[in-house]
Each structure stands twice: as structure tokens, then as C-alpha cells.
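Heads up, the thing below is written out as C-alpha cells.
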Amino acid sequence: MLQRLGDWVAHHPWRVVLVWAVIALPLTIVGGEKLTGQVTDDQASFLPASSDSARATRLARDAFGHVEGVTPVSGLVERADGGALTAADQARVAAVARRLPAWRPDWTPIERDAELILGLSDAQRATRVVSATPGARADGGRIELLEVGFHGNATDSVVQDAFAQLRAHAQRELRADGLRVGFTGGVATELDTARATETLGMVEGVLLMGAIVVLNLIFFRGLLAALVPLLAVSLVGGGAVGLIGVGAWLLDVKVDPGTPSLIPAVLIGIGVDYFLFLIFRVRERLRAGDARKPAAAAAARSVGEVIASAALAVIAAFATLALAQFGQFQVLGPAIAISVAVMLLAGLTLMPALLAICGRGLFWPSKAWLAPREDGFAARLGERIAARPGAVALGCVAVLGACAAVALTTKNSYDLGSGPDDTPAARVEQRISTALSDGATDPQTVLVKAAPGEPLTAAELAPLQARLRTVPGVASVGAPQLSRDGGAAQLAVVLRDSSTSEAAMATVRGPLRTAAHEAAPPGTTALVGGNAAVFADVGDSIDHDLKLIFPVAAALIALILVVLLRSVVAPLYLLAAVALEFAATLGLVTLVFQHGAGRPGVVFTMPLVLFLFVVALGTDYNILMSARLREELRAGRSPRDAVAHAVRHAAPAIGAAGLILAASFGTLAIDPAAATKQMGFAMALGILIAAFVVSTLLVPALTALAGRAAFWPGLGGRGSRLRASRRARVPAGR
């Protein structure tokens, strides 16, 4: 079927391009906005409904009217002259707090006119102050906190603009009385980070596009070869993101803030990979004298199966995330799987069509490509691997194994590192942490649900309040607040440590929950909510998912390799190689960030997402190399001869694809946010290891050692017909 499809596409290329343009462009325009509208930064919404913190969130909503999607923002109020706050100052802060929930953003005249026609956007309608109350006082009475519950996705630029208005409004209100206020946490931190890194975001995009163009120019020395893949992949990627956005909007599925930026980076890298696989094979056919359409058809036939298998490996790996407990993975996995399926369709249709249209013009103005280099670096490398496969394999395993050993020390970090340390929000957070505690800006909540028909009283809750104060890691406990019907109560608990720290999560997961359960009034149910509780449950959920997803994804990829290679031997060492590659990458990331940069650990989603990316994308390159090895063996070459020829032809494509994909992810490593920085660095490093160590060195070396048995039983019948004298230790071509 793939062969017939490739032939039809190569002979009707303009029809294919027109269909893609008609479908992808509208999806790009409409779907991208829909996807942004489905973003939420509320981690609690991704937890299983049975988790302790999720139950606490529901109880807070039902009993106290807590609104989902509210991010806590802490204001620090102090006198402009640095003196202690007076009773009048405190009264003024309380008055401002009472009025803030009635405040509404003042949208621009253009937006107000648009409202008459189209209505405000969902983000504009949702943005508001839900609550505002005076908080703790500290520093000898010089500062007072103003706790604000701000509703809206903190990563949405509309919400950030609205908060900028709120901050300016509060500053004007207090300035007349000689007071000043600064804000931190939630949308305040996101706003200041976005403004501080606005230029950096543009630089990331320019670097990404520039790296792809420059690297393609270096590889092919042709203008169209540098531009066509990027334009094609951008078109397909935009359409895929739009499709995900429309689907998420229709099904009302929420996505985490990283998804809209992660999917394009993945698709651009993968799409350029597939295009490069095809370009290298088209160039090979053009050198042999084929015309442009037959060359494109031949490339589609020979590489189409490799692209399909490689894409299916990625799709299968990420589709397994649908089995996860953690909702963020449940959404991210299928979203990437669907996007890669769209790119697969493009790799089988749009890309061969563009190659059939461009032909030799793809490499203009260069003519050097017409003469293949018989003694190039790839050819010499292939000969050396074939001559000493055991030494190459042992060296690769030793180096990767040493790096993998460091992975045993990996710790997870839930401090996502919102951005630079010199923003107004960062300075306010530091001031509050110094004056109170690291957990002062993000208090936790202990909720108590009464037995049916037995309302709670403040006196019944006094022992619970006293017990909570004795818990190690707790800085203070607020007075109990009863719901209107007395059916529930809540107590604010301030931890000594930041809510994203391992210490805070350990406090919540262990002694705080134990104390709440043991000291709650008889017949009642006690639950602990707040970000530390959420992250503690997130950690438990991810631990569960790791144990489930790893073996399922590995089994699916193994099945794909068995079907493609028609072998049960090669898939075994291919999977072992990518597992070692994953462990080595994680070890190096741990060495750089946890041990070198002094971070508390690697971002908590890193192990699972890195596993899927490195295993799935690394399998792409292994499939390309193994398919070429099998092709050379089927042509009658000896195993070591086949290794030399396969490395000579496949290594340049793998190296070029690996560099471009690493550059795609590597641009994320300059982001100031710790989570994005670590993820970009890890993906780029993993791809480089996959391309230049595992696929180019280790896999050919292992295949040379295994011989034709590597593809048993698919090549089993040929081994007996080959004379042992053909298994020369020195590759042919000399």
C-alpha cells in the first residue's frame, strides 16, 4: 500500500500540496487560539478524583464557595518612609481589601467595541478578584500581607494584562496614604517573568528557525533544501496544533501551559527528521540518474516504511500516557500522538510531493552533490566500526554506563522556577520569605467535614488547631473558619518551607495529614489541601505512572521493531541500547542541574517525558540504521560489509536529523524557567546521544557482532547459502 501511495503522490504532486494547504491553513488560524483557551495552570485539576488533595478541593468548593482556577497572590504592604504601620494604615489596607472583589478590568476601547459585536473572550469574562483579605504582619509591624485570590489562567496574556491593571489600581489606592504595595505569586510572578523574557522568547524562535535553515544549508548547500522542509513542516505543525486545539475545545479538555509550546517544537524536529530521511534518499537516486518524479517515488517507497515505523513508535509510546493517573500526562500523550500521526501522513504524502516538484532544483546552486564522496568521514567511520565492532560496542557501553550510574542519585523537584530573580515579584517573594517563612505566600488548608446532621463548633476544633501547631515543619495555624451551615471547617496552615519543596511535601504527606486525621473531631473527615498537598499527590501519581508506562511503552515499541525488521533478535539489543541511552541522558541532566547547578532535583515530569522522547525518537534513528543494515544484508553482503555500507549511507542522514532535532529542543535551554530549561537541555542531549553514539556507533557494532542472526528469522534462509569466505573482516570498497 505504501508503495502505491508513494507512486501516486510522486506523479500528482500539485494536487497533494493543494489539499494540504486547503486543510492545514484554516486549522492553523482557528485551532491555535482554541488550544490557548483550553490551557490551565491548576495542577490539582489533573489529579485523580480519589486523591486527598482533590477531595479537599471539592470540599472547599462545596462548603466555602472556593472557585477553581484561582491562583493565590500575596501583596506586601509597607510605609513608603519605612516606618511601622499604624492602626490607620491597617484600617486603610482592610478597606482596600473589601473593595477589590468589586474591581473589574478596564478593557481598551477597541475591546469594548468588539464586546458589542462578538462579546468578551472567555479569558476576559473569567478574569476577576475572587477574594482579598489582610494577612499576617511581620518585621516589627513594618509589613502586612494582602492575600488576593485572582481567577484566571496565570499564563494567559489577557489575564496578565488584567492583573497589571489591578496592581496599578491597588498602588494608586494606597499611595495617597503614604503606603506602597508589591505582589508576588501566581499571575504576578508570571506577568513579571513574561515581561522580563519577552525579547528572549523572540530570540528562541529566531534561533530555532535559523538553526534549521543554516544546518540544512551546510548539509545540502541548496537554498530550497534549506527552506522547503521548514516551510512544509511549519504548515503541517500549525495544522496539527490547530486540530488538537479544536478537539480540546469541542471536548472541553484542559491542557497544561507547556503543551502549546511543546507540540510545535516536537513536530518541527520530527518533521524535519522525516524530510531529511527522504532528501538523502532522493539525492542518492538523482545521483544514479533518476528523473525527479521517479526519484521521489523511489524515496517514498524505500523510506516510507521507515518513516511509518518510526512515527508509529512515537505514537505508541505517547499513546500509553492515556493509561496514566496524572491528568497532565493523559492529555499530553494523546495530543502528541495525534500530532505525530498528522506528521506521518505528511511524510508519506506532502513531503514526497514537494520533492517530486523540486527535483534537482532542491540543491541549487550547488553541484558538488552530484559526485558522492567515496572516502568521506561516514565511509571511514563505517570501515572502522566494521573492523573493530567489539571495541566500539564496549567503549559505548562503558561511557553510557558511567553516565547512567549518576541517574541513581536523581531527585524530583516541584519548584518549577518561574523565572529571573530580579523581577519585582521575585524581590517581594524574597522579602516575605525573610520576614515570615518560605511557605508564607502559599498557605495550606486543613478542611474538616462534619458527620451528617452534626454541625461543627469552634470549641470542637480547638484540639485540632493545637495539634497542628505541634507538627514539625508548621510555622503557624490560623483560627478555624466554619461554613454557614456548620457542616465544614477550614484552618489555614503556614509551612516553614516553600510549598514546592520536598520538605514541604514530606510534611504534608506524613505528619500533617496524620495529625489532621488523628485530631479531627470524632465522626468527621479531615483533608489537607493546598499546593504542597497537590504536589505530594502529583508525586505519588507519577510514581504509579512510571511503573505502568515504562513496560507498556517498551512492549509496544518492541512489537513495532519485530514487525518492521522481521526479527526477534535485533529488537532486543535495540531496546537495551535505548534504555541505556535514556539512563545516561538522565544521569547527565542530574549531574548538570542537581549536582552542578545546585538545584534540588530535576523537574518532576522529566523522567517519564524524557523516557518517552528518548526511547521513541531514538528508536527513529535505530530504525533507519537497522533498516539499511537489513537492506544491505538482503543484497548479499557479509555482516561487516553491510555495516560499512549502511553507516556510509545512513549515518549522514541520522547525524543531520539529530543535529536539527537537538537544535529544535536546544533553543528551549536558554529559557529562564527551570522546567523549560531542563527539559530543553535534556531532550537535546538525549537526541545527540541517540544519533551519534547509539544509532551510528553502538547499533552497527552490535549488528556486526550478531551477524545475520540479528535479523533472524527474517534472513534465516540466506545464511546457509552464503560462504563463510565472504564474511571478510575488512569491508568492501577498498
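The values are calculated or read from the model by the stated rules, or taken from the named source; none is laboratory data. Predicted model, so just to flag it, every value in this text is computed and none were measured. Positions of Cβ are generated from backbone atoms using ideal geometry, with glycine treated the same way; all protein chains shown enter the neighbour counts.
What to note about this one:
- Selection from segment 679-693 of residues that are buried (at least 24 other Cβ atoms within 10 Å of the Cβ) and not small (Gly, Ala, Ser): Met679, Met683, Ile687, Ile689
- Residue in segment 366-385 that is in contact with a helix residue (DSSP H, G or I) (Cβ under 7 Å, 6 or more places away or on another chain), closer than 14 Å to Leu278 by Cα, modelled with pLDDT under 90 and among the hydrophobic types (A, V, I, L, M, F, W, C) present: no
- Of the residues making up segment 645-661, those that are over 23 Å from the mean Cα position of the chain (by Cα) and aliphatic (A, V, I, L, M) number 7.
- Output for segment 178-187, where each listed residue is buried (at least 17 other Cβ atoms within 10 Å of the Cβ) and at pLDDT 85 or above: Leu179, Val181, Gly182, Phe183, Thr184
- Exactly one residue out of Leu617, Leu608, Leu633, Leu661 is under 25 Å from Ile542 (Cα atoms) and crowded, with 23+ Cβ neighbours inside 10 Å, and it is Leu617.
- The residue that is farthest from Met625 (Cα to Cα), among those in segment 690-713 that are aromatic (Phe, Trp, Tyr) and over 31 Å from the mean Cα position of the chain (by Cα), is Trp712.
- Contact map, segment 150-169: first residue β-branched (Val, Ile, Thr), second residue assigned to a helix (DSSP H, G or I), Cβ cut-off under 7 Å, separation 6 or more or different chains; pairs are Thr155/Glu190; Val158/Ala123; Val158/Gln124; Val159/Ala123; Val159/Val187.
- Selected residue (only one of Ala295, Ala316 is touching a helix residue (DSSP H, G or I) at 6+ places or on another chain (Cβ under 6 Å) and modelled with pLDDT of 85 or more): Ala295
- Tally of residues being hydrophobic (A, V, I, L, M, F, W, C) and part of a helix (DSSP H, G or I) across segment 127-176: 9
- In segment 618-636, the residues that are closer than 16 Å to Gly304 by Cα reach residues that are outside any helix (DSSP H, G or I) and not basic (Lys, Arg) with C-beta atoms within less than 9 angstrom, at least six apart or across chains, in these pairs: Ser626/Ser567; Arg630/Ser567; Arg630/Gly714; Arg630/Leu715.
- Pick from segment 578-597, criterion without any contact (Cβ under 8 Å) to a residue 40 or more places away in the chain and part of a helix (DSSP H, G or I), ranking: surrounded by the most Cβ atoms within 10 Å (Cβ to Cβ): Ala579
- Single condition Ala398 does not satisfy, out of (1) among the aliphatic types (A, V, I, L, M); (2) in a helix (DSSP H, G or I); (3) within 14 Å of Ser499 (Cα to Cα): (3)
- Any hit, segment 377-399, residues being closer than 30 Å to Ala533 by Cβ and surrounded by fewer than 18 Cβ atoms within 10 Å (Cβ to Cβ): no
- Some residue of segment 689-699 being in a loop (DSSP other than H, G, I, E, B) and either at pLDDT below 70 or β-branched (Val, Ile, Thr) (or both): no
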